[in-house]
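The values are calculated or read from the model by the stated rules, or taken from the named source; none is laboratory data. Here the structure is a predicted model, which is why all the values come from computation and not from measurement. Cβ atoms come from the backbone with ideal geometry, glycine included; neighbour counts cover every protein chain shown. Ligands, DNA and RNA are excluded from the accessible area calculation, which covers all protein heavy atoms including side chains. Shrake-Rupley method; radii C 1.70, N 1.55, O 1.52, S 1.80 Å.
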Amino acid sequence: MSNEAQIPAIEDIISAYQDCYGTSRKVQKAVLISSTPKIRKMILEYLVTYRNQDGELEEESLIGKVYSDQKKGIESYRFMQYLWNNGFGSDPQYTIVQPIAYIQKWRLMIMSKSPGKTLDDCIHDPNMNSKQLAFLIADWLTRMHEIPLTEIREATRTRANADVRRFYEDLTERIPKEKAKLKSIYDKFIENSEKTRTNEAVLLHGDFHTKNVFLHEKKVIAIDFDHHFAGDPAWDVAYLACQIQVSSFFKKGNFDFFQPMIKYFIEKYFDAHPAYDKQSFLDRISLYSARSLFESLHYELCVLNTGKFTIIDPFLTKCELYLQGTGYK
């Protein structure tokens, strides 16, 4: 989405921001700081200058997301509004970026820009307390999963029920010499599919990875709810745990560098949900992690075409360990 004509008019940004805040803020100007094309969307950053109720000048950075799919943009905006109005807009410690407006004319969602550092940056900071990070993230996720369930995106295809066969076929075409191992892993996905069935449905972030969570002065702020859905709580737990391992692999050369933190994160989440069947929950975490890692390999080799063929063996080996239930041991 790099077409210059798709950059929204500044006047529309100002109008939407003013409508959101009414008389509490009087916008003086808005400036486009950057535009970054992404797959099926464009990310924009704005700086808004306004006068507060005391007449003082203040500034706020905004993020704009231009969608190729109008329906998805509207659904994401409404979902964020729902979260904002059900606790995350008033909680001083656990929150999300504020949804400000959705402008259908431009397929544009406007939201506040998160302060702080990504969880990915934090876990690689030697001065950070990894157990404290794990506790904060588990607590944020618990709060989201406790928000009353609605019918939002319940029947929509998501990463949790993604077309694993397509990943398998694409990877087989990309790395044919690994066909036997890929087929073995795919067959295990099919064999174990029934184990992921549960009645414990909650609202899920859906893309809860280390770059979609920010920390700022012990405050946890989540972004990017484009993949939200209602489903198994083990999905969000597994997805983050797996993505911490992926980050560890790419930056430390070892999937298990942050293993103590991951275990603590899973334990803290489970402590908040004593009614869950622990073994069933852990089994589902392992299965979802295997699927997430399989998708990550597909994304690297078949979507981004990075040519990082050296990751194949460690990724597939880790997939097999997840499927054996030993991925986090």
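When the Cα atoms of the range 180-267 are enclosed in a convex hull and the volume is divided per residue, what value in Å³ results? Present the calculation step by step, with values, prior to reporting the outcome.
Values: hull volume 12.6 nm³, N = 88.
Dividing the Cα hull volume of the range 180-267 by its residue count gives 143 Å³.
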May I ask you to list the lysines whose Cα is less than 26 Å away from that of residue 188, ignoring any residue fewer than eight positions away on the same chain? 177, 179, 263, 278, 308, 318, 329
So how long is each side of the range 174-329 along the principal axes, counting just the alpha-carbon atoms, biggest first, in Å? 45, 37, 30
Carbon-plus-sulfur fraction of the accessible area of the range 243-329, 1.4 Å probe, in percent? 53 percent
Accessible surface of the range 72-148 [probe 1.4 Å, protein heavy atoms]: carbon and sulfur percent: 46 percent
Applying the gyration tensor rule to the Cα atoms of the range 204-252 (axes a ≥ b ≥ c; rounded if a/c under 1.5, else prolate if a/b exceeds b/c, else oblate), the class is oblate
Over the range 143-278, with neighbouring protein chains present, the accessible area per residue in Å² at probe 1.4 Å is 48 Å²
Spatially proximal lysines relative to residue 105 (Cα-Cα < 28 Å; intrachain offsets below 8 disregarded): 26, 29, 38, 41, 65, 71, 72, 113
Not counting the cut sites, what is the longest span of the chain without GluC sites (Glu not before Pro) that DSSP labels loop and that have at most 16 other Cβ atoms within 10 Å? 218-329
Cross-link candidates for residue 252: which aspartates and glutamates have Cα within less than 17 Å, leaving aside residues fewer than 8 places away along the same chain? 120, 121, 125, 313
Where does the Debye-calculated log10 I(q)/I(0) of the chain sit at q = 0.13 Å⁻¹, using only Cα point scatterers of equal weight, no solvent? -1.04
With just the Cα atoms defining each centre, how far is the range 162-206 from the range 244-269? Give it in Å. 22 Å
Note the angle between two axes, namely the Cα long axis of helix 164-174 and the longest principal axis of the Cα atoms of the chain, as a number of degrees from 0 to 90, rounded to the nearest 10. 80 degrees
Rounded, prolate or oblate: which fits the range 41-99, taking a ≥ b ≥ c as square roots of the Cα gyration tensor eigenvalues, rounded meaning a/c under 1.5, else prolate when a/b beats b/c? oblate
